[in-house]
Amino acid sequence: MKKLLIFAFLIVAGFWQHDQNRVIDHAAGVLVSSQPIQRNLRAAPTIQHKGYDIKPQADFIVEARVLSREKYYMDASAELSPLDLALGWGAMSDTSVIDKLDIEQSVRFYTWRMERATISLKDVIRQSSNMHMIPANDRVAGKLAEIRKGSLVRISGQLVNITNPRGFTWKSSMSRTDTGAGACEVIYVTGVSQI
């Protein structure tokens, strides 16, 4: 009986892992034409969340194609943000464009290589970004967990700066045109839907 339970567990774990890595394919063409919407805030109240002080900087909505997703378990911010999404809109939601790029995520960065690219470096930067997801509650966390590479999503919440009493700090980018360290959006996610 014990061997049967272990075997059943391994089968379920295998199906779960397969589902986690499932990619959603799309035909060529721009799938998301809208740009992210950002409304800067002047004096929003601080949110207390899991022992962190979260200070909203802007209301934020993004509709995009998921270029890549990366889960985090062990880094300093994993308890707060267990998932990063590399998102693309405009030309960076078009299969014929992104199939010519090598896209990866690692250690909280999103990288691409452009050897066969049909898009300029400037357009890649302006039409895609790595975003750190901070789910506001368990329902949002569950919705984020359903997202796969290739999903078309609408994510709403706030761009935030974060501190805690142990000296942790994390600041969101406030621009879609920056690159390198500090260029990722840190989003306190209050709404998630697939479009």
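Note on ASN161/VAL107: beta-carbon distance plugged into 1/(1 + (r/R0)^6) with R0 of 25 Å gives a FRET efficiency of 0.75. You can think of it this way: the chain between ILE195 and GLU79 has 39.0 nm of extra reach, that is 0.36 nm per residue less the Cα-Cα gap. Kirkwood analysis of the chain, using all unique Cα-Cα pairs, places the hydrodynamic radius at 17.7 Å. Once backbone amide H atoms are built at 1.01 Å from N, THR190 has SER156, GLY157, GLN158 as its partners under 5 Å, excluding neighbours fewer than 5 places away on the same chain. Extending 7 Å from the Cα toward the beta-carbon at both ILE37 and ASP99 defines two label points whose distance is 3.3 nm.
Decide, for segment 149-195, between rounded, prolate and oblate: order the square roots of the alpha carbon gyration tensor eigenvalues as a ≥ b ≥ c, take rounded if a/c falls under 1.5, and otherwise choose prolate if a/b is larger than b/c, else oblate. Each step should come with its number before you reach the end.
Working: a/c = 2.63, a/b = 1.53, b/c = 1.72.
Oblate shape, in that a/c is at least 1.5 and b/c is the bigger or equal ratio.
Legend: ranking of residues LEU41, LEU85 from fewest to most surrounding C-beta atoms inside 10 Å; resulting order LEU41, LEU85.
Computed over the chain, relative contact order equals 24 percent, with contacts defined as Cα pairs under 8 Å that lie 6+ residues apart.
Taking Rh as the Kirkwood radius computed over C-alpha pairs, what is the Stokes-Einstein D of segment 68-158 at 4 °C in a medium of viscosity 1.567 mPa s, expressed in µm² per second? Calculated translational D: 92 µm²/s. Overall, segment 32-194 carries a charge dipole of about 220 debye about its Cα centre when +1 sits on the Cβ of Lys and Arg and -1 on the Cβ of Asp and Glu, all other atoms neutral.
Specify the residue with the greatest mean-square fluctuation among MET74, MET92, MET133, computed from a Gaussian network of the chain linking alpha-carbon atoms under 10 Å apart. Top of the fluctuation ranking is MET74.
For the chain, what does -39500 (n - 2.57) per DSSP helix run (n ≥ 4), summed and divided by total residues, give at 222 nm, in deg cm²/dmol to the nearest 500? Spell out each step's value before the answer.
Working: 4 runs with 37 residues, N = 195.
For the chain, the value works out to -5500 deg cm²/dmol.
Quick note: the coordinates plus some simple rules give every number you see, no bench work behind them. Here the structure is a predicted model, which is why all the values come from computation and not from measurement. Cβ atoms come from the backbone with ideal geometry, glycine included; neighbour counts cover every protein chain shown.
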